[in-house]
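Asker: Take this structure, written in structure tokens, and hold onto it; I'll ask about it next.
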Amino acid sequence: MIVNDVTLRDGMHALSHQYSVEQMVSIARCLDEARVDLIEVSHGDGLNGNSFNYGFSAHTEIEYLEAVRAVLQHARLAALLLPGIGTIDDMRMARAAGVDTIRIATHCTEADIAAQHIETAREMGFDVVGFLMMAHMIPVAELLAQARKMESYGAHCVYVVDSAGALLMDETRERIRALKNGLSCQVGFHNHNNLSLGVANTVIAVQEGADRVDASLAGMGAGAGNCPLEVLIAVLDRMGVETGVALYPLMDAADRLVRPLQVRPVQTDGNALMLGYAGVYSSFLLHTERAARQFGVDARDVLVELGRRRMVGGQEDMIVDVALQLKG
Amino acid sequence: MKQRVAILGSGNIGTDLVVKILRTSKNMELAALVGIDPASDGLERARRLGVEAVVGGAEAFLASPASRDVAMVFDATSARAHVAHAGILQARGIRVIDLTPAALGPGVVPVVNLDAHANAPDVNMITCGGQATIPMVWAVKRTGVDVPYAEIVSAIASRSAGPGTRANIDEFTATTARGLETIGGARRGKAIIILNPAEPPVLMRNTVYVLAGPLADVAAVTASVRSVAADVAKYVPGYRLVQDPIFEETVTRMPGEPPREGWKITCLLEVRGAGHYLPEYAGNLDIMTAAALRVGERLAERVPA
């Protein structure tokens, strides 16, 4: 089983994309020493995510990628790309910067917009992951059909991505099981802790045979954060599942390096809970809280309306639209 | 006398254009709809409407009697196919209005530069997102302010995105970004596209963020944006500003660049389609074909019969 850390990518959301290069490097070094398999580094919204819509990061992507690459002894380097935001040119930049694994993410019903990216990534020699986001929104059979498309384009692994942290435990189990039974390639799982099911659902994915799982130190990620890596490793260790990842260094890194960065606590508080409850993309959280302050409306009302409108990942611009509508 | 025109590509865009030309064109007569899929709904619909349906590509069209006296072709295939077509069409002296994001010829956004490329053999309609958003950037720019950066987010209903759009996502972002620069007047452009599968389908939405120089005159910019939106609505009736532009005085910190003081201006737009071929949600389709129709009418006025 491959453990894919997302502290330095999903965690970017929790910091409004403001990691310093030094912070990234010191976190990456700890992850590498703990023998985590894969470390993802990108703007929270993937390569080329720098924008008014999602926020500008403190440094350029190439600076982050090259700095982290330079300290990795064991772990491979991953990057995220969302077709429609990032392009094949960004994949080329990432390849040149030493990225081994590219994860191509689409909304769970739109796998075919990734065909050109997945095919090209294979030609470029990447380990290629297809990432089906907001996987709670469609029935299992439809999710499998989309996953099959990604496999057919050449993905080595296809992920069930619970971007809204909305999947219940049985829903996680049936999705992983369906993909494991229906695909020949690897299957992965990524989630958010919005219903406090981060570890539980990831353990279920492991029990169902997931080949790759995502987690982040101290849960550093969008919304209530991701499955916390150090907790996951501790639980898997208790279960007798061999990960090859060392627990104590992760606990140290989570407590000493990452938790102090969580200025806005990454936890299942009211607004974060609403993401999971209303089925809203987790990275909307900070943008929604900002818009709620700016326009004097309740963040929870904004999140519920975004869920009702069935907004998908990347539609951060609609947060202001909803806030203005609620303001009347 | 009307100019004879043809449409290459029998997908959503080409078929919507058939309906628009038949219903509303003053200067154009539709000679044929050309498509590679004999079973496509578009070809079938064209036949029902009494339009010659040619099965095949650009070569098949040029070899068919339907191509006689055709002065202008709308290319609604794909960016890749357009690159192959452009040369052979031009060799026959046929002008091309390109609705793919190939962007071989200069871009046209009717409200901004309808007459700028009246003699170009190949004009490009940029993208649906470009047609919707470039006018707003230009509206800010023409008030005399510096626009170092403009960014747009287009969200369209999944059902309105055909295979061509889906296979051309990178071309969409690149071509739209370039249009924000060359036609909108931004020094740097960025484009994002989102497909939303909600049912019932969502209307096309566009958000435009313009970073403008520190001297932006808020009232003048608002007036300019309102007036340009009204002008676009003259050829795309479903085009509207959802709100007056939002102004925020900010310091923008882009990675690798010095901080920039200025105004972030946000325009929220909605495009409701005319419901000609696809239903009203497909404003993305409608704005492309409506803009191409506007360009076609203008060129047809000028092409000697």
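The values are calculated or read from the model by the stated rules, or taken from the named source; none is laboratory data. Here the structure is a predicted model, which means the values were calculated and not measured. Backbone-built Cβ (ideal geometry, glycine too); neighbour counts: all protein chains shown.
Asker: Answer yes or no: is there a residue in region B:238-246 that is in a helix (DSSP H, G or I), under 18 Å from the mean Cα position of the chain (by Cα) and either within 27 Å of B:Val73 (Cα to Cα) or modelled with pLDDT of 95 or more (or both).
Answerer: no
Asker: Could you name every one of the helices (runs of 4 or more DSSP H) located completely within region B:71-182 that has at least 2 residues being within 13 Å of chain A (Cβ to nearest Cβ), surrounded by 19 or more Cβ atoms within 10 Å (Cβ to Cβ) and at pLDDT 90 or above?
Answerer: Values: elements: B:79-91, B:110-113, B:128-141, B:163-167, B:169-182.
In region B:71-182, the matching helices (runs of 4 or more DSSP H) lie at B:128-141, B:169-182.
Asker: So which residues in region B:248-281 are farther than 16 Å from B:Tyr235 by Cα and among the aliphatic types (A, V, I, L, M)?
Answerer: Selection gives B:Val251, B:Met254, B:Ile265, B:Leu268, B:Leu278.
Asker: Determine which single condition A:Leu132 fails, assuming it passes every other condition in (1) touching a Pro at 6+ places or on another chain (Cβ under 9 Å); (2) surrounded by 21 or more Cβ atoms within 10 Å (Cβ to Cβ).
Answerer: (1)
Asker: Same structure, new question: If you go through region A:97-114 one residue at a time, do you hit one that is within 14 Å of another protein chain (Cβ to nearest Cβ), surrounded by 23 or more Cβ atoms within 10 Å (Cβ to Cβ), more than 18 Å from A:Gly314 (Cβ to Cβ) and not hydrophobic (A, V, I, L, M, F, W, C)?
Answerer: For region A:97-114, residues within 14 Å of another protein chain (Cβ to nearest Cβ), surrounded by 23 or more Cβ atoms within 10 Å (Cβ to Cβ), more than 18 Å from A:Gly314 (Cβ to Cβ) and not hydrophobic (A, V, I, L, M, F, W, C): absent.
Asker: Looking at region A:132-161, I want the residues that are more than 10 Å from A:Thr109 (Cα to Cα) and have a partner that is part of a loop (DSSP other than H, G, I, E, B) and among the aromatic types (Phe, Trp, Tyr) with Cβ atoms under 9 Å, at least 6 apart or on another chain. Which pairs are those?
Answerer: Every condition considered, the pairs that remain are A:His156/A:Phe126.
Asker: Another question about this same structure. Does region B:199-212 include one or more residues that are within 11 Å of another protein chain (Cβ to nearest Cβ), crowded, with 24+ Cβ neighbours inside 10 Å and assigned to a loop (DSSP other than H, G, I, E, B)?
Answerer: Yes - at least one qualifying residue is present in region B:199-212.
Conditions (1) under 22 Å from A:Tyr153 (Cβ atoms); (2) within 14 Å of chain B (Cβ to nearest Cβ); (3) touching an Asp or Glu at 6+ places or on another chain (Cβ under 6 Å), marked per residue:
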| position | (1), (2), (3) |
| --- | --- |
| A:Asp10 | no, no, no |
| A:Val25 | no, no, no |
| A:Ser57 | no, yes, no |
| A:Thr60 | no, yes, no |
| A:Leu82 | yes, yes, no |
| A:Asp90 | yes, yes, no |
| A:Ala94 | yes, no, no |
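Asker: A follow-up question, please. Being basic (Lys, Arg), under 30 Å from A:Ile62 (Cα atoms) and within 15 Å of the chain's Cα centre (by Cα) is true for just one of B:Arg178, B:Arg188, B:Arg260. Which residue is that? Show your work before the answer.
Answerer: Numbers: B:Arg188 fails: within 15 Å of the chain's Cα centre (by Cα); B:Arg260 fails: within 15 Å of the chain's Cα centre (by Cα).
Exactly one residue qualifies, and that residue is B:Arg178.
Asker: Could you please find all residues in region B:150-199 being touching an Asp or Glu at 6+ places or on another chain (Cβ under 6 Å) and of a type in the set (Val, Ile, Thr)?
Answerer: Just the residues of region B:150-199 that are touching an Asp or Glu at 6+ places or on another chain (Cβ under 6 Å), to begin with: B:153, B:166, B:189-190, B:195.
The one that is touching an Asp or Glu at 6+ places or on another chain (Cβ under 6 Å) and of a type in the set (Val, Ile, Thr): B:Val153.
Asker: Separate question: State the number of residues belonging to region B:22-48 that are within 17 Å of B:Ser67 (Cα to Cα) and either under 21 Å from the mean Cα position of the chain (by Cα) or in a strand (DSSP E or B) (or both). Give the steps one after another, and end with the answer.
Answerer: First, the residues of region B:22-48 that are within 17 Å of B:Ser67 (Cα to Cα): B:28-36, B:43, B:46-47.
Checking the rest, the ones that are also either under 21 Å from the mean Cα position of the chain (by Cα) or in a strand (DSSP E or B) (or both) come to B:28-35.
Qualifying residue count, region B:22-48: 8.
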